[in-house]
Amino acid sequence: MKISLKYIGVLLLVFAVSCVKQVAEKPDHLLSESEMESLVYDLVMFKSVQSYASEIQRIVPNPEQTMYGWYGLDSLSYVQNDRYYAAQPEVYEGIYNRVMLRIDREKEALDARIKEALEKAQAEKSTETPPVVLAPKPQQD
């Protein structure tokens, strides 16, 4: 009986150690959380602008590669960084939550500027003097 308990103990230990294995390896060029957040934010903003302005592709033929270059990455390095952070769900969720907060703040700021511009235009429109309409000259017979 003692041998079987040792055998079961060793199997449990091997099983426990194998479960601890890290899912994604640390990339050679690991971005910090704040750099990853900035990159994700830039990619999201680019995708949203690209949907409205398709001529961006003409100006910058491969814009995602250009953005990766800003962070010293290529597409493979980006995927490695993304997988690394995705293997840490709390950290990954935090990055995306902060990106969403940044987008919400940007939207609120833009909404406020639009509202202010509309109010200013409305105020200018109401203070304008109406155009002077001249009455036609009476015709003489």
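Filtering segment 24-62 to residues that are surrounded by 12 or more Cβ atoms within 10 Å (Cβ to Cβ), charged (D, E, K, R) and within 14 Å of residue 77 (Cα to Cα) leaves only 35. Restricting the first member to segment 104-126 and to residues that are without any contact (Cβ under 8 Å) to a residue 40 or more places away in the chain, and the second to residues that are assigned to a helix (DSSP H, G or I) and not charged (D, E, K, R), the beta-carbon pairs closer than 9 Å and six or more apart or on different chains are 106/45. Counting only helices (runs of 4 or more DSSP H) that sit completely within segment 1-81, those holding 3 or more residues that are of a type outside the set (Asp, Glu) and either within 21 Å of residue 98 (Cβ to Cβ) or at pLDDT 75 or above (or both) correspond to 33-52, 63-70.
The values are calculated or read from the model by the stated rules, or taken from the named source; none is laboratory data. Keep in mind it's a predicted model, so treat the numbers as computed, not measured. In this analysis, Cβ positions are derived from the backbone assuming ideal geometry, glycine residues included, and neighbour counts consider all displayed protein chains.
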